[in-house]
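J.: Please find one structure pasted underneath; my questions will follow.
None of the figures in this text is laboratory data; all of them are computed from the coordinates on show. Keep in mind it's a predicted model, so treat the numbers as computed, not measured. No Cβ is skipped: glycine too gets one built from the backbone with ideal geometry, and neighbour counts run over all protein chains shown.
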């Protein structure tokens with residue numbers, strides 16, 4: 001009977017695990033095809049794209065409105081996880097398309113099969129992470145994701161800064177993983193459970209050491225903070241973003257950050273929130289530990305340090321790295337609120353952030369292919385040499401600042417609205433956020449100034465020519481960035497529908 005029950009549960013788990021199975025199959029087929037068809041450089045990329053489409057079809061076929069579990073509640077399949085899976089899948093798809101136009105990747109001495117296969121493997125790891133409902137599964141998912149990202153960060157290994165970036169990424173990653181798993185061991189020792197729901201249930205009826213809970217929680221948050229590039233766990237970000245291939249830099253800045261935020265929100269709510277019935281939009285902390293204030297401090301530090309240090313950057317990749325740190329701070333403002341409105345605001349922000357951030361990195365990559373530089377000083381007059389890319393870059397930068405009528409404005413509007421709606425005790429956080437947005441305007445406008453104002457005398461110089469598909473990809477990101485600044489209702493509805501109880505609680 002036990003065997004029959006086990007087989008039945010396994011079949012049920014696999015039936016709701018089809019998107020992840022699809023990604024695993026895509027990874028295997030891509031590796032095999034690369035070995036068999038060695039002369040076809042893009043065979044793995046094409047298989048990856050097909051695999052992503054098939055995975056999206058499987059996800060679309062799932063009952064998105066239901067909460068389900070897989071493998072003894074180790075993985076949750078719910079609307080919240082589905083939202084982030086779609087986000088990660090779309091980012092992976094765009095990154096593969098971007099990689100077709102990445103000049104450094106297609107040097108004569110480099111193979112491309114492993115590169116695209118590792119992107120699929122990283123996507124698989126992030127799919128596991130956004131639904132992880134168990135401390136052990138959280139750690140395993142992070143490692144699956146991280147190992148792939150470590151290799152991808154140093155994929156252009158003959159370039160010194162790329163090897164350096166990969167080494168720093170590995171070292172910081174190992175330290176953060178060690179801190180996180182030590183925090184998990186303390187939490188397991190306190191509660192006797194690895195399951196987030198079990199931890200929650202134990203904390204509700206038992207009196208445990210608040211100091212031990214605080215220490216373990218901080219250690220786990222430190223590990224997650226590393227993934228989302230939150231201060232003071234951000235030290236790896238500028239060097240790795242500058243040294244890694246620009247496609248991977250863009251990937252880390254969106255997909256990896258999204259997976260990290262999905263984990264942070266699920267961990268806090270599933271383990272430390274007392275109201276898990278789903279009947280109320282308000283959340284209540286289990287213990288006297290003020291997790292909201294701790295997250296608020298991380299948000300302020302991330303926004304402020306990210307924006308202030310970005311003011312002094314001349315390398316575009318490094319500048320966007322500090323910008324990414326600042327945006328992690330804005331997103332943490334939504335987590336601080338700790339209610340359904342705040343989480344919905346985070347989800348809305350991520351959709352907008354995906355478009356504007358990937359677009360900015362894509363423009364930097366295409367221009368770097370032409371001028372061989374990512375330095376701001378070399379961007380003088382580029383707005384006239386690359387008119388479509390120049391205008392698109394202006395749209396992305398205005399959106400990153402959070403000005404209307406762009407998608408970035410809608411994202412920040414909902415974040416600030418969630419903070420203000422939480423009560424007068426958080427008004428100070430909203431004020432800090434607004435002031436930081438003003439600071440960010442200075443370094444974003446600095447790029448626009450160099451592209452257009454400084455280069456007026458070079459207006460008559462010959463224009464750059466780009467592949468039509470590359471230009472189309474830029475426009476495919478720029479146009480929605482403008483459209484979602486005006487018509488954003490479907491995104492709001494999708495985000496609100498994706499926020500609810502997390503399975504197993």
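J.: Which log10 I(q)/I(0) values does the stretch 1-82 give at q = 0.12, 0.17, 0.23, 0.24 Å⁻¹ under the Debye formula, counting every alpha carbon as one identical point scatterer?
T.: Calculated log10 I(q)/I(0) at the listed q: -0.47, -0.75, -1.01, -1.06.
J.: If you don't mind, there's one more thing I want to ask. Rounded, prolate or oblate: pick one for the stretch 51-192, where a ≥ b ≥ c are the square roots of the eigenvalues of its C-alpha gyration tensor, a/c under 1.5 means rounded, and failing that, prolate if a/b is larger than b/c, else oblate.
T.: It is oblate, given that a/c is not under 1.5 and a/b is not larger than b/c.
J.: Exposure proxy check: 454, 85 ranked by fewest other beta carbons within 10 Å? Spell out each step's value before the answer.
T.: On the way: 454 15, 85 26.
Arranged by neighbour count, lowest to highest, 454, 85 become 454, 85.
J.: If you fit an axis through the alpha-carbon atoms of helix 427-448 and take the longest principal axis of the Cα set of the chain, what angle between them do you get, 0 to 90°, nearest 10?
T.: Taking the Cα atoms of the chain, the angle to 427-448 is about 20 degrees.
J.: Would you mind ranking 494, 291, 312 by Cβ crowding within 10 Å, fewest neighbours first? Provide the component values of the computation, followed by the final result.
T.: Working: 494 17, 291 20, 312 10.
Listed from fewest to most nearby Cβ atoms, that is 312, 494, 291.
J.: Can you give the extra length, in nm with one decimal, that the chain gains between residue 157 and residue 308 once fully stretched, where that is 0.36 nm per residue apart less the Cα-Cα distance?
T.: The residue 157-residue 308 span can extend by a further 51.2 nm.
J.: A further question on this structure: Pairing the Cα long axis of helix 196-205 with the longest principal axis of the chain, what angle in degrees results, from 0 to 90 and rounded to the nearest 10?
T.: 50
J.: Residue separation times 0.36 nm, minus the C-alpha to C-alpha distance between residue 377 and residue 110: what's the value?
T.: That pair, residue 377 and residue 110, stretches by 93.1 nm at full extension.
J.: Suppose only helical runs count, i.e. DSSP H with n ≥ 4. What mean residue ellipticity at 222 nm does that imply for the chain under -39500 (n - 2.57) per run, divided by all residues and rounded to the nearest 500 deg cm²/dmol?
T.: -24000 deg cm²/dmol
J.: Can you compute the modelled spin-label distance between residue 57 and residue 37, with each label point 7 Å from Cα toward Cβ, in nm?
T.: That separation, rounded to one decimal, is 1.8 nm.
J.: Next question. Report the relative contact order of the chain, percent, no decimals, based on alpha-carbon pairs under 8 angstrom and at least 6 residues apart.
T.: Relative CO of the chain lands at 15 percent.
J.: Residue 487 to residue 403: FRET efficiency via 1/(1 + (r/R0)^6), r the Cβ-Cβ distance, R0 22 Å, to the nearest 0.05?
T.: The computed FRET efficiency comes out at 0.80.
J.: On a 0 to 90 degree scale, rounded to 10, what angle separates helix 18-36 from the longest Cα axis of the chain?
T.: Its long axis makes an angle of about 50 degrees.
J.: Evaluate E = 1/(1 + (r/R0)^6) for residue 289 and residue 71, where r is the Cβ-Cβ distance and R0 equals 41 Å; express this FRET efficiency to the nearest 0.05.
T.: Once rounded, the FRET efficiency stands at 0.85.
J.: Next question, about the same structure. Note the full-extension length gain between residue 465 and residue 424 as 0.36 nm times their separation in residues minus their Cα-Cα distance, in nm to one decimal.
T.: Length difference between fully extended and current span is 9.4 nm.
J.: How long is the chain along each principal axis, judged by its Cα atoms, biggest number first, in Å?
T.: Result for the chain: principal-axis Cα extents of 75, 60, 41 Å.
J.: Here's something else I'd like to know. Take the alpha-carbon positions of the stretch 298-337, form their convex hull, and give its projected area averaged over all directions (one quarter of the hull surface) in nm².
T.: About 2.3 nm², averaged over all directions.
J.: Order 136-147, 334-345, 417-428 from most to least packed using the mean count of other Cβ atoms within 10 Å.
T.: Averaged packing, sorted descending, gives the order 334-345, 136-147, 417-428.
J.: Give the residues of the stretch 358-376 whose amide nitrogen is closer than 20 Å to a point set 7 Å from the Cα of residue 100 in the direction of its Cβ.
T.: Residues 358-370 qualify, since their backbone N sits under 20 Å from the label point.
J.: Mind ordering 390-403, 215-228, 353-366 by average Cβ neighbours within 10 Å, highest first?
T.: Highest mean packing first, the order is 353-366, 390-403, 215-228.
J.: Next up: Just to be sure I follow: if Rg is taken over the C-alpha atoms of the stretch 290-505 and Rh is the Kirkwood radius over the same atoms, what is Rg/Rh?
T.: Over the Cα atoms of the stretch 290-505, Rg/Rh equals 1.02.
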